[in-house]
1. For region 55-83, how many residues meet the condition of being in contact with a Leu (Cβ under 7 Å, 6 or more places away or on another chain) and either of a type in the set (Phe, Trp, Tyr) or surrounded by 21 or more Cβ atoms within 10 Å (Cβ to Cβ) (or both)?
2. Would you check which residues across region 187-240 are in contact with a Leu (Cβ under 8 Å, 6 or more places away or on another chain), at pLDDT 80 or above, crowded, with 19+ Cβ neighbours inside 10 Å and not charged (D, E, K, R) and list them?
3. Test residue 232 against the criterion of being in contact with a His (Cβ under 7 Å, 6 or more places away or on another chain) and closer than 30 Å to residue 137 by Cβ, and give yes or no.
4. Check region 44-52 and report whether any residue there is among the basic types (Lys, Arg), surrounded by fewer than 17 Cβ atoms within 10 Å (Cβ to Cβ), at pLDDT 90 or above and more than 24 Å from residue 105 (Cα to Cα).
5. When you scan region 191-203, do you find a residue that is in contact (Cβ under 8 Å) with a residue 12 or more places away in the chain, among the basic types (Lys, Arg) and either in contact with an Asp or Glu (Cβ under 7 Å, 6 or more places away or on another chain) or within 17 Å of residue 94 (Cα to Cα) (or both), even just one?
6. So residue 134 ticks every box in (1) under 26 Å from residue 221 (Cα atoms); (2) surrounded by 12 or more Cβ atoms within 10 Å (Cβ to Cβ) but one. Which box is left unticked?
7. For region 53-65: of the residues being hydrophobic (A, V, I, L, M, F, W, C) and in a loop (DSSP other than H, G, I, E, B), which is farthest from residue 109 (Cα to Cα)?
8. When region 26-43 is examined, which residues are found to be surrounded by fewer than 15 Cβ atoms within 10 Å (Cβ to Cβ) and either touching an Asp or Glu at 6+ places or on another chain (Cβ under 6 Å) or more than 25 Å from residue 107 (Cα to Cα) (or both)?
Amino acid sequence: MADGFNIKPMEQFTVEPLFGGDVIHWYTPTNVTLWMAITVLAVAALMVFGSRGRAVVPTRGQSIAELTYGFVYKMVEDVAGRDAIRFFPYIITIFTFILFANVLGLIPFAFTTTSHIAVTAVLALAVFITVTVLGFVLHGVSFLKMFWVDSAPLALRPVLALIEVVSYFVRPVSHSIRLAGAMMAGHAVAKVFAGFAGALGVASVVPILAIVALFGLELLVAVIQAYVFTILTCIYLKDALHPSH
């Protein structure tokens, strides 16, 4: 019984080389590399091959691809405006990659790449750098006006400007930690319940039921976190396109 409760929920997030060895270099293929590649292939299978036929009566894959396309397109248009549609390919790529990475991570013995801050930080920094560069390219120095609150009293404007600058540079931190933290926490809790189920034997009905309910919740969280990351990207893009709003 003591051995049964030796639960290590964080072991599932360990990065391991695919071909043995203990040292991991930047070029070493790891389980993270493998599951990121699987995620890309899954996205391509749905969005490219699933909708390739373009049948009048769509197949299941074509229906899912079209629903995903329409959902993200409307999100970009509603949140960032029609002039942001030109960035739609980039945004749907972010959405589908995060969504598939989250969902694939729910498969037993899979690896959830979005549970690692190294992955989510790269995604968040890419968004941050893109919208910042875009803001200066489109508006020049006038892009800095987004930090100056004209409607506030003059004495408060420098303080509010400092707060706005700090909050702007904190964006990639919160953008990345929110996603990684949510995925890591859910998988860790699921591992704990699984450990209880394995240790209790015939009395494991309650932990098993809890795991089933938790996996349903995790599936919902996987979708919501992809949506939250994408809609925040659209909001940041709107700031770059319309800094005075």
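The values are calculated or read from the model by the stated rules, or taken from the named source; none is laboratory data. Please read all numbers here as calculations on a predicted model, not as lab measurements. Virtual Cβ from ideal backbone geometry, glycine too; neighbours counted across all protein chains shown.
1. Let us first name the residues in region 55-83 that are in contact with a Leu (Cβ under 7 Å, 6 or more places away or on another chain), namely 61, 64-65, 80-81, 83.
Filter again for either of a type in the set (Phe, Trp, Tyr) or surrounded by 21 or more Cβ atoms within 10 Å (Cβ to Cβ) (or both), leaving 65, 80.
Total meeting the criteria: 2.
2. 190, 222, 225, 226, 229, 237, 240
3. Working: in contact with a His (Cβ under 7 Å, 6 or more places away or on another chain): yes; closer than 30 Å to residue 137 by Cβ: yes.
Answer is yes for this residue.
4. Applying the first criterion (among the basic types (Lys, Arg)) to region 44-52 yields 52.
From the residues that got through so far, the ones that are surrounded by fewer than 17 Cβ atoms within 10 Å (Cβ to Cβ) too are 52.
Filter once more, so that each one left must be at pLDDT 90 or above: none.
No, region 44-52 contains no residue that is among the basic types (Lys, Arg), surrounded by fewer than 17 Cβ atoms within 10 Å (Cβ to Cβ), at pLDDT 90 or above and more than 24 Å from residue 105 (Cα to Cα).
5. no
6. Only one criterion is unmet by residue 134, namely (1).
7. The extreme case among them is 56.
8. The answer is 26, 27.
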